[in-house]
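Undergrad: Below: one structure in structure tokens.
The values are calculated or read from the model by the stated rules, or taken from the named source; none is laboratory data. Since we're looking at a predicted model, the values are computed, not measured. A quick note on method: Cβ atoms are made from the backbone with ideal geometry, for glycine too, and the neighbour counts reach across all protein chains shown.
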Amino acid sequence: MTLLQLYAPGASADDPRSAAIDALLSASRAQWPLVKLADDRFVLALKKHAADGLETVRGPDLFLATACLAGDPAALAALDEQVIARIDKAVAGIDSSRAFLDEVQQLVRERLLVGAAPRLAEYSGKGALVAWARTVALRLALNLRRDTGKETPHEDEALEAMPFQGRDLELDYVRSTHRADFTAAFADALASLDAKDRNLLRLSIIDRLSVDQIGAIYGAHRATAARWVNAARDALLERTRKNLAERLKLTGSELQSLLGALQSNLEISLNRMLRE
């Protein structure tokens, strides 16, 4: 069986994905010459994480992650030197002490590699492995800080507590009469966001990170990070409005009035709405 057939059973011999697989393998072996991983194991990882297309896959990163999961010593050393060693900048925004950074690095190693379901198995190759690992590290660092007595909001509550601007009597009416519909509309909107947008909201709203810190996690300029966060917020609000309008089946002036209220008058969080 060829590598192409392993990736896409039934594909013809002239399928362009064959060349793409070869190119990903070549790039991966060039970047990690000491790492040993069977071709078929890498292709199975491609099939698992990139069955819908190979164009956006970071081959060398996925290759390294797959080899680490296979226990290759050179891959594990590279992960430590090229990935885990580069999480410090993101974690330093929480606690820059060497002891804290060392502890977080160890927690990252354990989370990525240890257990029946190591977190590294979830890496899809769709983004830089370093940025993905920084996000894992940041979550662990925040949990560690919480465990040492510095509280942060519970994730689910904080996501529900996303602030919107303003307040008026129309919103009070919507909140009091359509509480369940609003909650469901928000939950559906949140679930419809892609993983990156959800993570940006978590970092911004739950963990209260600045755009500088978020930019450091993704290796992006603060202005780019700010645009990403604002776009994610806007998408969540727009989808919440759309979902609520569909649920309540409002038309004409009622719909416009409600959407206007949701656009500019939602300083109160969902969490507070549900608790009142």
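Undergrad: Could you list, in sequence order, all residues of the range 70-89 that are aliphatic (A, V, I, L, M) and over 21 Å from the mean Cα position of the chain (by Cα)? Before you say what the answer is, go through the steps one by one.
TA: Going residue by residue through the range 70-89, those that are aliphatic (A, V, I, L, M) are 70, 74-79, 83-85, 87.
The answer is A70, A74, A75, L76, A77, A78.
Undergrad: I need the helices (runs of 4 or more DSSP H) fully contained in the range 1-115, keeping only those with at least 1 residues that are of a type in the set (S, T, N, Q).
TA: On the way: elements: 3-7, 17-31, 39-49, 59-69, 73-78, 88-92, 98-113.
Where helices (runs of 4 or more DSSP H) fall fully within the range 1-115 and carry at least 1 residues being of a type in the set (S, T, N, Q), they are 3-7, 17-31, 59-69, 98-113.
Undergrad: Test L190 against the stated conditions and say whether it is in a helix (DSSP H, G or I), over 27 Å from D95 (Cα atoms), modelled with pLDDT of 75 or more and within 15 Å of the chain's Cα centre (by Cα).
TA: Working: in a helix (DSSP H, G or I): yes; over 27 Å from D95 (Cα atoms): yes; modelled with pLDDT of 75 or more: yes; within 15 Å of the chain's Cα centre (by Cα): yes.
So L190 passes the test.
Undergrad: Could you tell me whether the range 63-78 includes any residue that is more than 21 Å from I214 (Cα to Cα), β-branched (V, I, T) and crowded, with 21+ Cβ neighbours inside 10 Å?
TA: Going residue by residue through the range 63-78, those that are more than 21 Å from I214 (Cα to Cα) are 63-78.
Adding the requirement that they be β-branched (V, I, T) leaves 66.
Restricting the remaining residues to those that are crowded, with 21+ Cβ neighbours inside 10 Å gives 66.
Within the range 63-78, one or more residues are more than 21 Å from I214 (Cα to Cα), β-branched (V, I, T) and crowded, with 21+ Cβ neighbours inside 10 Å.
Undergrad: Let me ask another. May I ask you to list the residues in the range 122-135 that are surrounded by fewer than 16 Cβ atoms within 10 Å (Cβ to Cβ) and either at pLDDT 90 or above or in a helix (DSSP H, G or I) (or both)?
TA: E122 - this is the single residue of the range 122-135 that is surrounded by fewer than 16 Cβ atoms within 10 Å (Cβ to Cβ) and either at pLDDT 90 or above or in a helix (DSSP H, G or I) (or both).
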